[in-house]
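Presented below is the structure to which this report refers.
The values are calculated or read from the model by the stated rules, or taken from the named source; none is laboratory data. All values derive from a computational prediction rather than experimental measurement. In this analysis, Cβ positions are derived from the backbone assuming ideal geometry, glycine residues included, and neighbour counts consider all displayed protein chains.
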Amino acid sequence: MDMASAQTILAVRWWARDGFLVHYFLQLPSGYGKLVKYFDDPQLQQHAKGSINGSLIGSKIYYTRYPSLYILPIALTMKLGINNLFLLRLWAIVASLLSLIFFYAFLKLITNKIVAFTAALYFGISPIFIK
């Protein structure tokens, strides 16, 4: 969950303002202008050529490669009126630490505690995890 992404923060703000179902639980990377939402209509799809997100299901402007449900807790927090960026990033930190705990628990099931702890520690201090 990358809360440093401007696209994620924009999606969170618009989800909190308009509601989740209005945006189909998907991000809109082409921006949230008043006219952009109409580019998914069949009559106007030819105008979305510079901002489409895939041709497998047609020219769609919403990001459809994977669900954007990871930003749902952040959007709910913003919907409650909490707009402090640190508190919003706290969700990302909690989710990352929980994933590290689950990683350790999974490795402990298939190996011993020392190997699981070493692997979880190595992954926890790696630059990819810290970023």
* Hits in the range 104-131 (condition: over 17 Å from residue 70 (Cβ atoms) and either in contact (Cβ under 8 Å) with a residue 12 or more places away in the chain or surrounded by 15 or more Cβ atoms within 10 Å (Cβ to Cβ) (or both)) -> 104, 107, 108, 116, 117, 119, 120, 123, 124
* When you go through 104, 62 one by one, which is the residue that is at pLDDT 85 or above, within 28 Å of residue 128 (Cα to Cα) and of a type outside the set (Val, Ile, Thr)? -> 104
* Structure fact -> Here the residues within the range 78-131 that are within 23 Å of the chain's Cα centre (by Cα) and outside any helix (DSSP H, G or I) are 80, 81, 82, 83, 84, 125, 126, 131
